[in-house]
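Single-structure report; data block below.
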C-alpha cells in the first residue's frame, strides 16, 4: 500500500496550519445570515436596474421602490430562517446545499408574486413588475451560489498554499493518467502536486492536459528533476511492456525518484480509484519476462478427462500446477501433501475457483509406500506431477538422511508405483541445483533424476512392457515461492534492516511460478520418456543488486536507511547456479525457450542397488556414510562451505565406480 512519509518540518507546518484553521474553521452563522440578507437586497435593486435598462432616473421615479425593498427584506429574512440557508458550512458547500438555496430563493420569488397580486387587488400605486421578480430570482441565485463557491475556492487555495507539496510526474498521458491527476486534485491533503505527464508517444509530447504539460519520457526526466525536484513517478499505464517498465524504473531509481503504480481498473474500489490504492512497484514485476505462450493442442488432449495426481500440491509449485491443470477439465485431480493446514486451505481455494471440478485432497507422506500405494490403488491416476521435495539447501545440508528419504526414497516410491499402476506419464520437478551439485539437496535431486531416467531406459532397452514415460524438468529459483529470498528481504526491509546477503558476487536465475508450471505441463505433453527439459532462464541476477533495488523501490536508500550485511556463503551454497552440467549439451524442441539436456546415462541395476544402500544408510541416520555414497553415485558432487568437503576424493570417478553405460 502506498503511504506518504512527510518530513518533520512539513509535519510541524501542517500541524500549525491545521491548528490555526481549526480555531476559526467555520464562518459564523450570523455572518452568513447577514451576507445573504445584504445580497438579497442588492439582487432586488439590481433586478429593477436591469428592468429600467440601467436608467437611474427611471429607477428613482419608480413609485414605492423603497417600500418594496423593505418588503423583500422581511421576506428574505423569513425565508432564510425557515430554510436555514445560513446553517451550511460554506467551505464544504455541496450540490445538496445548492438545492436548498434554490428552493429558498424560489419560495422567496413566490412570496413576491403573492405580494404583487395583493398590491394589484387593492389597486395600490406601488408597482412590482413580474419581470423584476424573475430577474431577481436569477440574480439572487447566482450571487448566493457564487460567493459560496468563491469562499470555498479561496479556502482550498489557502490550504494548498500552506501545505508542502511533493512534486510528482504521471507516466502515461492517457485516460488512466487523467483519472490519476483528477484524483490527486480532489484530495488536497494528499501532499502531491502534478507538475507534468510523461509519455513515449511523441505526438503527445509538448501538448497539455488540463493545463499540465506532457514531456518526453525518455529524454526529459533529468530536466524535470533539476527544475522541479521531482520525488515520485506514478505509472498509470495498465499494461506497460515489462522491458519498458524495467527501463523506466531504473532511470527513476538512478535519480532517486520513488516509483508507484495504480491498480488494474478491475481492482478499483467500488469502481473508482483513490490514492490509497497506489502501491510500490514490486521487485517481482521487474524480474518478470514476456509471457511465454505455449499453443499446443496436445496439452488439452492429454489432460482433459484424465485422472491426475499432484504430489506436494500444497506447496508453491504444486499448487500452481493444480491451478493450471484445472483449466483443462481433468476427470479427477488428487492433491497429495502431508501439510494438513496448507492442503485444507488449497482445497478451499480451488473448490471456490473451480466449483465444478472434481478435487480430492489426500494427506500422505511420499516416503510411506503403503500409504501411497493405497492412493494409487484407489484413484488410479493416469498422469503424475511430482513436486513433493525438500528444497532448502542449508537445512538439508544438516539433515542428509531427510533429504535422501524424501527426495530420493519418496521419488522412488512414486515412480515405482507409477509403473505398477500403469501411469501414462510421470513428470518430475527438479532444480538447477542438481547440476554440478555442491550441496546435499542438489545432489539428492540429481539422484532422483538418475533413478527416473534409468528406470525409463531400463524398460525401453530391455523391451519390457511399461506404459509409463518418465520426464524431468529443471529450472532455477521461482519468484514468491516458499523460502525464496525475496519474501525474506521484504521482511527485513519492513523491520528496518539490515538485509543479509551471503556474498557480494552471488547470483541466481529467477522465473515466475506460473511460468515454471507452464513448462512442467508442457514437458508432460512434449516428452516421450527419459528427457530432462531445461528452460531458458534468461540472465542471472546478482542478489546484492536485487537487495539494493528492493530497498530503493521501498522509497529508501541502500546503506543509509537500510544496511546490507554480507554474512558469508552458507553450507552447500555456491556463487553461480547452472542449468546444464559441463559435459552436457542441449537439443532444441519446437519451442525456442525449452530445450532437452543430453545427460550421462546410468545402468538401472547399479542405480537401484546403490539407492537401496543409500536409503538403508539414511534409515539408520549415518550422515557421513550417506554423503559418501551420494558422491559415488554423483561424482560431480563437490561439497562447498560444508563439513562434507573432507569426503571429496579426487581419485574417485564414474569410470572407476563402473557405473557408466
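The values are calculated or read from the model by the stated rules, or taken from the named source; none is laboratory data. Just so we're clear, the structure is a prediction, and the values are computed from it rather than from any experiment. All Cβ positions, glycine included, derive from the backbone under ideal geometry; neighbour counts span all protein chains shown.
List of remarks:
- Here 162, 203 are screened, and the one residue that is surrounded by fewer than 18 Cβ atoms within 10 Å (Cβ to Cβ) and at pLDDT 85 or above is 203.
- Filter result for residue 592 (over 46 Å from the mean Cα position of the chain (by Cα) and either at pLDDT 85 or above or surrounded by fewer than 16 Cβ atoms within 10 Å (Cβ to Cβ) (or both)): no
- Extreme residue, modelled with the highest pLDDT, among residues of the range 635-653 that are in contact with a helix residue (DSSP H, G or I) (Cβ under 9 Å, 6 or more places away or on another chain) and farther than 20 Å from residue 395 by Cα: 636
- Condition met for residue 90 (at pLDDT below 50, under 30 Å from residue 193 (Cα atoms) and either surrounded by 11 or more Cβ atoms within 10 Å (Cβ to Cβ) or touching a helix residue (DSSP H, G or I) at 6+ places or on another chain (Cβ under 8 Å) (or both)): no
- In the range 312-324 there is no residue that is in a strand (DSSP E or B), within 31 Å of the chain's Cα centre (by Cα) and touching a residue at least 40 places away in the same chain (Cβ under 8 Å).
- If you go through the range 487-509 and pick out every residue that is within 25 Å of residue 311 (Cα to Cα) and either assigned to a helix (DSSP H, G or I) or within 17 Å of the chain's Cα centre (by Cα) (or both), you end up with 1.
Yes/no per residue for (1) touching a residue at least 40 places away in the same chain (Cβ under 8 Å); (2) in contact with a helix residue (DSSP H, G or I) (Cβ under 8 Å, 6 or more places away or on another chain); (3) in a helix (DSSP H, G or I); (4) in the same structural domain as residue 137 (by TED's automatic domain parsing):
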{"site": "39", "(1), (2), (3), (4)": "yes, yes, yes, yes"}
{"site": "43", "(1), (2), (3), (4)": "yes, yes, yes, yes"}
{"site": "59", "(1), (2), (3), (4)": "no, yes, yes, yes"}
{"site": "74", "(1), (2), (3), (4)": "no, no, yes, yes"}
{"site": "81", "(1), (2), (3), (4)": "no, no, yes, yes"}
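- For residue 475, the criteria (1) closer than 29 Å to residue 282 by Cα; (2) surrounded by fewer than 24 Cβ atoms within 10 Å (Cβ to Cβ) hold in every case but one, which is (2).
- Selection status of residue 198, closer than 16 Å to residue 178 by Cα, at pLDDT below 80 and outside the structural domain of residue 550 (by TED's automatic domain parsing): no
- Note on the range 517-535: residues that are surrounded by fewer than 23 Cβ atoms within 10 Å (Cβ to Cβ), assigned to a helix (DSSP H, G or I) and touching a strand residue (DSSP E or B) at 6+ places or on another chain (Cβ under 6 Å) amount to 0.
- Residue that is at pLDDT below 70, under 30 Å from residue 199 (Cβ atoms) and either assigned to a helix (DSSP H, G or I) or not assigned by TED's automatic domain parsing to the domain that holds residue 234 (or both), where the choices are 156, 123: 156
- Single match in 538, 555, 568, 572 (criterion: assigned to a loop (DSSP other than H, G, I, E, B) and modelled with pLDDT of 85 or more): 568
- Only one of the numbered conditions (1) surrounded by fewer than 15 Cβ atoms within 10 Å (Cβ to Cβ); (2) at pLDDT 90 or above; (3) assigned to a loop (DSSP other than H, G, I, E, B) is not met by residue 616, and that is (3).
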